[in-house]
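Written below as structure tokens is the structure these notes are about.
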Amino acid sequence: MKKVEFIDIIRTNLSVLEDREIEDIVAEYEQHIDMKMANGLSEEDAIEDFGDLTELTAGILEAYHVKGSAVSAGSVNKSVEVKKGESVGILSEEAAEKASDFMKKAGSVAKDIARSILKLPGKFIGELKKGEAVTNKRGFIENAVHFFMKAVSILIRFTFRCIKKAFMFGVKCFKWLIGFCKKYFKLAGKIILGFAGIIIGIFLLFSIFGMGLSAVLLVLGYPVIGVTVITGGVTLICLGCVITIYAALFGKKDDNKNAGMNDSGSEILVDNEKIEIDDDCFSELGNNYIKVKEGVAHA
Amino acid sequence: MNAQFKKGVLELIVLKSVVNKDMYGYELVEEVSKVVDVNEGTIYPLLKRLTNDHHFETYLKESTEGPPRKYYHITASGIMYVENLEDEWVEFANRVSEFLKEKKK
């Protein structure tokens with residue numbers, strides 16, 4: 001068989017693939033044959049080494065998840081979706097199950113909240129029916145649209161408020177924890193915080209790396225958008241923790257008259273005025289503690 | 001050599017050959033032929049499949065001796081895959097050897 005014939009058969013058998021793919025394959029095989037001929041083989045022998053051409057092309061089509069038997073001289077459909085293989089799973093079975101359980105719980109909680117929210121319009125409808133007289137159909141529809149919009153806006157505002165509250169609560173907790181560490185463990189607390197900060201910092205670096213890696217894979221076409229989002233979120237969380245810890249360890253009040261730590265471990269009374277050594281905004285509980293102490297001191 | 005044996009281990013050999021060095025088709029066929037006697041008709045479809053499964057990446061590199069050559073490079077997913085394959089092969093080969101040793105007694 002001559003090279004021209006060989007290439008012709010390949011092109012025909014693979015006609016179902018995209019032109020670019022076909023030409024890429026043909027170019028590669030042609031080059032292979034030329035190299036073999038450069039090494040002394042005859043054209044016929046070089047082509048014979050490819051074996052049975054139908055088998056060869058069937059094997060290639062399999063790689064594209066196309067049925068080998070679908071090859072026919074009269075096939076008109078030229079575009080074939082190249083099915084890429086499945087990506088390697090990131091989560092193990094158990095982790096995935098745990099995650100799905102958590103999501104189910106979260107989903108049912110969300111459902112409850114949504115249901116209680118949606119009961120509100122019912123109240124509105126009741127009042128509407130009691131109060132206004134329905135003059136004509138058009139008026140009624142306008143009213144319906146109007147309070148639907150109102151209900152939606154209430155829903156949205158409520159959601160934002162919930163999110164904000166949860167976030168503020170989380171921040172408060174974290175700040176309280178840090179203040180607690182500082183107040184009651186003093187130097188040891190600072191060392192612990194510093195250590196935690198370093199560990200979280202390392203974690204941060206890894207999550208940045210992970211985010212970058214998954215972003216690259218995402219661009220390459222792997223279906224890893226979830227992983228990218230998650231690593232991005234972890235990065236933000238770690239960053240937030242590191243910044244908070246850093247602020248906690250190195251933050252200073254501007255009008256702080258005492259720069260150093262008090263060994264006795266309590267607040268300093270200067271001219272009967274309470275002077276906070278630590279950052280005031282840090283812990284509400286700490287403030288309460290001070291207020292109590294103040295009360296005791298003045299008592 | 002038995003065709004089934006060759007078929008079973010071909011993927012492992014092809015992937016392992018490219019772990020340390022990117023190779024183009026002809027070079028790869030030569031390398032693999034040193035271990036098992038296979039022809040282009042078997043190797044090229046396998047290369048195509050491994051590429052479409054993202055275990056390989058390909059790129060064109062200029063060459064002094066003619067048109068640019070298509071090089072095969074193993075990906076991270078390919079490395080994970082071949083390490084798994086190798087473990088499976090070693091375990092499999094050991095079990096078969098053990099079995100044969102038993103039968104000799």
- Item | Criterion (of a type in the set (Lys, Arg), more than 21 Å from A:Glu23 (Cβ to Cβ) and more than 11 Å from the chain's Cα centre (by Cα)) met by exactly one of B:Lys61, B:Lys34 | B:Lys34
- Query: Which residues, taken from the range A:1-40, are aliphatic (A, V, I, L, M) and assigned to a helix (DSSP H, G or I)?
  - Reply: A:Val4, A:Ile7, A:Ile9, A:Ile10, A:Ile22, A:Ile25, A:Val26, A:Ala27, A:Ile33, A:Met35, A:Met37, A:Ala38
- Message: Criterion first (out of contact with any Asp or Glu (no Cβ under 7 Å at 6 or more places or on another chain), modelled with pLDDT of 90 or more and either closer than 30 Å to A:Asp45 by Cα or more than 13 Å from chain A (Cβ to nearest Cβ) (or both)) does B:Glu88 satisfy it?
- Response: yes
- Message: What's the number of the only condition in (1) closer than 25 Å to A:Gly51 by Cβ; (2) facing chain A (nearest Cβ under 9 Å) that B:Met80 fails to meet?
- Response: (1)
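Suppose we filter A:Ser75, A:Ser92, A:Ser108 for residues that are at pLDDT below 70, exposed (fewer than 11 other Cβ atoms within 10 Å of the Cβ), more than 10 Å from every other protein chain (Cβ to nearest Cβ) and out of contact with any Cys (no Cβ under 8 Å at 6 or more places or on another chain); which single one remains?
Numbers: A:Ser75 fails: exposed (fewer than 11 other Cβ atoms within 10 Å of the Cβ); A:Ser108 fails: at pLDDT below 70.
Exactly one residue qualifies, and that residue is A:Ser92.
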- Task: Of the conditions (1) facing chain A (nearest Cβ under 8 Å); (2) more than 15 Å from A:Ala63 (Cβ to Cβ); (3) without any contact (Cβ under 8 Å) to a residue 24 or more places away in the chain; (4) over 14 Å from the mean Cα position of the chain (by Cα), B:Asn39 clears all except one; give me its number.
- Result: (4)
- Message: So, B:Thr58, is that one under 23 Å from A:Ile25 (Cβ atoms), surrounded by 14 or more Cβ atoms within 10 Å (Cβ to Cβ) and touching a strand residue (DSSP E or B) at 6+ places or on another chain (Cβ under 7 Å) or not?
- Response: yes
- Query: Exactly one of (1) free of Cβ contacts under 8 Å to residues at least 24 places away in the same chain; (2) at the interface with chain B (Cβ under 10 Å from one of its Cβ atoms) is unmet by A:Glu30. Its number?
  - Reply: (1)
- Task: Note down all Cβ pairs under 6 Å where the first residue falls in the range B:49-68 and is facing chain A (nearest Cβ under 8 Å), the second is surrounded by fewer than 13 Cβ atoms within 10 Å (Cβ to Cβ), and they're at least six residues apart or on different chains.
- Result: none
- Task: Give the range B:25-35 a look and list any residue that's more than 7 Å from chain A (Cβ to nearest Cβ) and either of a type in the set (Ser, Thr, Tyr) or closer than 16 Å to B:Val82 by Cβ (or both), or say none.
- Result: B:Leu28, B:Glu31, B:Val32, B:Ser33, B:Val35
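Determine whether A:Leu205 is part of a helix (DSSP H, G or I), touching a helix residue (DSSP H, G or I) at 6+ places or on another chain (Cβ under 9 Å) and exposed (fewer than 13 other Cβ atoms within 10 Å of the Cβ).
Working: part of a helix (DSSP H, G or I): yes; touching a helix residue (DSSP H, G or I) at 6+ places or on another chain (Cβ under 9 Å): yes; exposed (fewer than 13 other Cβ atoms within 10 Å of the Cβ): yes.
Answer is yes for this residue.
The values are calculated or read from the model by the stated rules, or taken from the named source; none is laboratory data. Quick caveat, the model's predicted, so the values are computed rather than measured. Counting neighbours? That spans all protein chains shown, and the Cβs are built from the backbone with ideal geometry, glycine included.
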